[in-house]
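Please treat every number below as a calculation from the coordinates, not as lab data. None of the values given here were measured: they were computed from a predicted structure. Neighbour counts are summed over all protein chains in view; Cβ atoms, including those assigned to glycine, are modelled from backbone coordinates with ideal geometry.
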Amino acid sequence: MEKEKYAGYVKKERVYILITASLLIGFLSGVVLAVYKSPGTNGGQSSTVTQQQNSGHDLVAVERQVTVTPNDPGAWVHLGNAYFDIYQPTKAIKAYEKAIELAPGNPDVLTDLGVMYRRDGQSDQALLVFEQAIQAAPTHEQARLNKGVVLLYDKKDQVKAFQAWEELIAINPMAQIPSGQLLKDFMEELQENNQ
């Protein structure tokens, strides 16, 4: 009689297991769906890989362009930018140097060249090129910002980094770091953290 009374019931432990399993399956399904439907991805493939693949298609055309018009500095800049985008600093350096050779003094190209020198582990050369960009265009903000980055992080010289950034702030008091934070606020945080 006792068995018949509980025949239609499920044990508490089984209910907890079923609820937990259902929640876990629902959560995992949601994660999988979010990954495949989220913008900036291609069927779960990272956007960096997609960007590199897309740049690879452009790269062939750009490489072809510099062979057709080897004296066109714009073609060399475009090639340098393509290598920049796919994290090929050594190749980008060669392309940017050729562009500078054909059309000296472009502060934007010099700044990109400096960034590539830094990525290639040549921080001293990066500083020289950032200085050339600043001499070509004394108000060039990106060159001054990057010069400070190399001085602070690569050369471990906060005093000189701050000097470079103070010159930038004198040009533009609202200068920002890539995160969008004001440079002067970033500098204050660095000083507080180093005390």
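Could you tell me which of rounded, prolate or oblate describes region 105-195, using a ≥ b ≥ c as the square roots of the eigenvalues of the alpha-carbon gyration tensor, with rounded for a/c under 1.5 and, failing that, prolate when a/b is larger than b/c and oblate otherwise? If you can, show how the numbers build up before the last one.
Numbers: a/c = 2.01, a/b = 1.34, b/c = 1.50.
It is oblate, given that a/c is not under 1.5 and a/b is not larger than b/c.
Between the alpha-carbon centers of region 90-142 and region 162-195, tell me the distance in whole angstrom.
Comparing the Cα centres of region 90-142 and region 162-195, I get a distance of 22 Å.
Efficiency by 1/(1 + (r/R0)^6): what FRET value for Q195 and A170, r their Cβ-Cβ distance, R0 = 35 Å, to the nearest 0.05?
Efficiency for this residue pair is about 0.90.
Run the simple label-point estimate for Q181 and Y153 please: 7 Å along Cα→C-beta, distance reported in nm.
The two pseudo-label positions are separated by 1.3 nm.
When only DSSP loop residues count, what trypsin sites (Lys or Arg not before Pro) in region 132-183 have their Cβ near at most 10 other Cβ atoms within 10 Å? It would help to have the intermediate numbers written out before the result.
Values: sites: R144, K147, K155, K156, K160; in loops: K155, K156.
Here the trypsin sites (Lys or Arg not before Pro) that fit, given the DSSP loop and packing criteria, are K156.
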